[in-house]
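Shown next, in structure tokens, is the structure this report addresses.
The values are calculated or read from the model by the stated rules, or taken from the named source; none is laboratory data. From a predicted model like this one, the values you see are computed outputs, not experimental measurements. Quick reminder, even Gly has a Cβ in these numbers, built from the backbone with ideal geometry, and neighbours come from all protein chains shown. Surface accessibility is based on the protein's heavy atoms, side chains included, excluding ligands, DNA and RNA. Shrake-Rupley method; radii C 1.70, N 1.55, O 1.52, S 1.80 Å.
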Amino acid sequence: MEVAVYNIKGEDTGRKITLNDEVFACDLEKGNVEHTVYLDVKQYLANQRQGTHKSKERSEVSGSTRKLGRQKGGGGARRGDINSPLLRGGGTVFGPKPRDYRSKLNKKMKAIARRAALTSKVNDKAIFVVENFTFDAPKTKAYIDMAKGFKVADKKVLLVMPEVDQKVLLSVRNVPNALMQQAIDLNAFTVLNNDAIILTEDSVAIINQL
């Protein structure tokens with residue numbers, strides 16, 4: 001598949017670049033592709049969780065351990081001390097504890113999910129290829145001008161670079177609806193979570209091999 005290459009102003013340079021059909025034009029109806037994408041996105045989001053949630057149990061709440069009333073004849077529950085879960089300010093029963101939400105997914109499944117996500121964006125005509133570039137200095141306006149050239153300034157945009165470019169990164173970082181990512185780190189979630197994808201030529205060469 002060949003697509004046009006644009007310059008940083010969003011103008012067609014007249015050149016074409018080849019996108020690997022195995023990556024950008026895979027069969028979305030084949031096998032359980034949709035479920036594989038679901039598993040990959042689920043794993044990615046789970047891996048972002050810190051898992052530091054914690055509530056205090058009865059033995060961890062600060063309070064007197066004195067028995068509040070006699071065992072029988074009070075007309076109520078045997079609630080024991082003031083740390084009882086039955087009382088306000090008492091401990092929590094079966095509350096959340098710190099845990100690791102991370103899970104594993106094999107590389108082949110992650111590759112299938114990434115290819116399916118890229119294919120869906122190609123089908124939506126939401127992928128643009130720009131010639132390799134860098135900014136003279138870190139400047140948010142430089143990125144905004146480029147986004148306006150591609151008419152995506154009001155959309156969530158993923159800018160894919162072959163490697164981390166500090167000038168570009170600092171220019172994109174302050175824009176709420178923009179994200180820069182290395183081609184090697186591309187995943188199904190970040191592709192699907194953005195309205196438009198801008199790839200540099202060198203990035204395409206890397207993604208074609210993923």
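Taking 30 Å as R0, compute the FRET efficiency from the Cβ-Cβ separation of Asn208 and Arg99 and round it to 0.05.
Rounded to the nearest 0.05, the efficiency is 0.15.
Given a Förster distance of 25 angstrom, what is the FRET efficiency for Asp136 paired with Thr13, based on the Cβ-Cβ distance and rounded to 0.05?
0.80
Based on DSSP H runs of at least 4 residues, each adding -39500 (n - 2.57), what is the mean residue ellipticity at 222 nm of the chain after dividing by all its residues, to the nearest 500 deg cm²/dmol?
Rounded to the nearest 500, it is -9000 deg cm²/dmol.
Around Ile127, which amide H atoms from residues at least 5 apart in sequence, or from another chain, sit under 5 Å from its own amide H, with H modelled in the peptide plane?
Ile197
Counting only protein heavy atoms and a 1.4 Å probe, tell me what percentage of the chain's accessible area is made up of carbon and sulfur.
Result for the chain: 49 percent of the exposed heavy-atom area is carbon or sulfur.
Let's test the formula: R0 of 41 Å, r as the Cβ-Cβ distance of Lys167 and Arg78. What FRET efficiency results, to the nearest 0.05?
The formula returns an efficiency of 0.05 here.
How far is the Cα center of the range 96-137 from the Cα center of the range 144-210, in Å?
11
Please work out the Cα convex hull volume for the range 9-62 and give it in Å³ per residue.
In the range 9-62, the Cα convex hull volume per residue is 171 Å³.
Which value, in Å² rounded to 10, gives the accessible area of Val157 with a 1.4 Å probe and all protein chains present?
Number for this one is 0 Å².
Mean separation of Cα pairs under 8 Å and 6+ residues apart, divided by the residue count of the chain: what relative contact order is that in percent?
25
Whenever you get a sec, line up Lys141, Lys125 from highest to lowest accessible area (probe 1.4 Å, protein heavy atoms).
Descending order: Lys125, Lys141.
If DNA, RNA and ligands are ignored and the probe is 1.4 Å, what is the ranking of Ser59, Ser84, Ser64 by accessible area, most exposed first?
Most to least solvent-accessible, the answer reads Ser59, Ser64, Ser84.
What nm value, rounded to one decimal, do you get for the distance between Leu87 and Gln50 when each label is placed 7 Å out toward the C-beta?
For Leu87 paired with Gln50, the spin-label model returns 3.2 nm.
So what's the Cα pair-distance distribution over the range 146-188, bin width 5 Å, in %?
Result, from short to long distances: 6, 22, 31, 25, 15, 1 percent.
Label points 7 Å out from Cα along the Cβ direction at Asn106 and Arg66: separation in nm?
Taking the two extended label points, one gets 6.4 nm.
Placing one identical point scatterer on every Cα of the chain and ignoring solvent, what is log10 I(q)/I(0) from the Debye formula at q = 0.14, 0.16 Å⁻¹?
-0.85, -1.04
Run the numbers for Arg58 and Ile184: contour at 0.36 nm per residue of separation, minus the present Cα-Cα distance, in nm.
Net length gain for the segment: 40.5 nm.
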